[in-house]
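Inspection log for the structure reproduced underneath, given as structure tokens.
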Amino acid sequence: MGGWEHDETIQEAAIRFKSKTHQDEFNPEGCSGAAMFAMSAEEELESWPEQSTRNRKWLTVTEAADSYRYPWTRALIEGFATWRYESTDTERK
């Protein structure tokens, strides 16, 4: 319950903790400060504009799903992977 995630600052952790005092009023699982974007990568660059502030890490679908704390985010990733696999499989036929 206490502490902070390895990818957030102490200030972000304090904001997250403060928001948890209201979580029952708004969302029983609390707030998520993350955004997920599905994309297809055609090229991986050695350097990119935000590399001083963002880390890049390649994960399998299972690793990505397991890295999230809430079941709904894991289900979202797994559902997207299933949809993507099925749509790619349909395109091949």
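Coordinate-derived values only; no laboratory data. What you are looking at is a predicted structure, and each value in this text was computed from that prediction instead of being measured. Note: ideal-geometry Cβ built from the backbone for every residue, glycine included; neighbour counts use all protein chains shown.
Structure above, values below:
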read-out: Protection proxy ranking, peptides 47-55, 59-67, average beta carbon neighbours within 10 Å, highest first; value: 59-67, 47-55
read-out: ARG56, ARG84, ARG74 arranged by Cβ crowding within 10 Å, fewest neighbours leading; value: ARG56, ARG84, ARG74
read-out: Table column - 3J(HN,Hα) (Hz), segment 8-13, Karplus curve with 6.51, -1.76, 1.60, x for Gly and Pro; value: 10, 7, 4, 5, 5, 5
